[in-house]
Amino acid sequence: MSVKFTTNEIRYIALFETITNATVKDCIIDDEHDKVTFLVKKGDMGLAIGKRGSTIAKMQKSVDKSVEIIEHSDDPGEFIKNLLSSAEITSIDFSTDSKGNKIATLDVDSKSKRKAIGKNGQNIQRARQFAKRQFEISNLIIK
């Protein structure tokens, strides 16, 4: 599945790659929460963050938004765990509904459900967007 980027996303990706030398696989701009989330190639997290967070700090100043970095994985289960790394996910089950849509059901530790969902659902919403764009997973359900 190929992702179509907006002009703004292309600009942010180009700037991020120039500043960090990390390869970006996807990008979501959340203007409502003043946040940009970059999905970087597996193994590029160190480059993206920089020594003591210096690279990410430089990027945040350049875009005047909060910047979040997530590491990509070719394994959908590991990918979802990376997306929701602040939550303790104990298991992930993949299924298909009657319409043929892929669904991931996450068993999340009760103490970290709030972290997985995020304020006003922004964490799970962003995770759903990335899962849809990268693996054609239609929905993430938290148990």
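The values are calculated or read from the model by the stated rules, or taken from the named source; none is laboratory data. Remember, predicted model here, so these are calculated numbers, not experimental data. Backbone-built Cβ (ideal geometry, glycine too); neighbour counts: all protein chains shown. Accessible surface areas use protein heavy atoms only, side chains included; no ligands, DNA or RNA. Shrake-Rupley method; radii C 1.70, N 1.55, O 1.52, S 1.80 Å.
List pairs: first in the stretch 84-103 and at pLDDT below 95 and among the small types (Gly, Ala, Ser), second open to solvent by 90 Å² or more (accessible area, probe 1.4 Å) and not in a strand (DSSP E or B), Cβ under 7 Å, 6+ apart or cross-chain?
Sorted first by the residue in the stretch 84-103, then by its partner, the pairs are Ser86/Lys115; Ala87/Lys115.
Which one of the conditions (1) of a type outside the set (S, T, N, Q); (2) touching a helix residue (DSSP H, G or I) at 6+ places or on another chain (Cβ under 9 Å); (3) open to solvent by 60 Å² or more (accessible area, probe 1.4 Å) does Asp44 fail to meet, given that it meets all the rest?
(3)
Based on this model, can you work out whether Ala104 counts as part of a helix (DSSP H, G or I), of a type outside the set (Phe, Trp, Tyr) and open to solvent by less than 50 Å² (accessible area, probe 1.4 Å)?
It is false that Ala104 is part of a helix (DSSP H, G or I), of a type outside the set (Phe, Trp, Tyr) and open to solvent by less than 50 Å² (accessible area, probe 1.4 Å).
Filter the stretch 64-81 down to the residues that are of a type outside the set (A, V, I, L, M, F, W, C) and not in a loop (DSSP other than H, G, I, E, B), then identify the one that is least open to solvent (accessible area, probe 1.4 Å). Please lay out each step first, then the result.
Of the residues in the stretch 64-81, the ones of a type outside the set (A, V, I, L, M, F, W, C) are 64-66, 68, 71-78, 81.
Of the ones still in play, those that are also not in a loop (DSSP other than H, G, I, E, B) are 66, 68, 71, 76-78, 81.
Working: Ser66: 54, Glu68: 48, Glu71: 51, Pro76: 40, Gly77: 13, Glu78: 68, Lys81: 95 Å².
Step by step, filter the stretch 64-81, then rank; the result is Gly77.
For the stretch 26-65, which positions are modelled with pLDDT under 95 and of a type in the set (S, T, N, Q)?
Ser54, Thr55, Gln60, Ser62
Filter the stretch 50-63 down to residues that are of a type outside the set (Val, Ile, Thr) and touching a residue at least 24 places away in the same chain (Cβ under 8 Å) and give me whichever is surrounded by the most Cβ atoms within 10 Å (Cβ to Cβ).
By that ranking, first place goes to Met59.
In the stretch 40-68, which residue that is more than 14 Å from Leu15 (Cα to Cα) and small (Gly, Ala, Ser) is farthest from the chain's Cα centre (by Cα)?
Ser54
Determine the pairs where a residue that is within 17 Å of Ala57 (Cα to Cα), located within the stretch 10-28, has a partner that is open to solvent by 20 Å² or more (accessible area, probe 1.4 Å) and aromatic (Phe, Trp, Tyr) with Cβ atoms under 8 Å apart, the partner being 6 or more residues away or on another chain.
So the pair list comes out as Ile13/Phe5.
If you check Ile10 against the conditions, is it open to solvent by 50 Å² or more (accessible area, probe 1.4 Å), farther than 27 Å from Lys102 by Cα and hydrophobic (A, V, I, L, M, F, W, C)?
Yes.
Can you report the number of residues in the stretch 107-123 which are closer than 26 Å to Lys4 by Cβ and surrounded by 18 or more Cβ atoms within 10 Å (Cβ to Cβ)?
1
Report the residue count in the stretch 82-101 for those that are surrounded by 13 or more Cβ atoms within 10 Å (Cβ to Cβ) and among the charged types (D, E, K, R).
Residues in the stretch 82-101 being surrounded by 13 or more Cβ atoms within 10 Å (Cβ to Cβ) and among the charged types (D, E, K, R): 1 in total.
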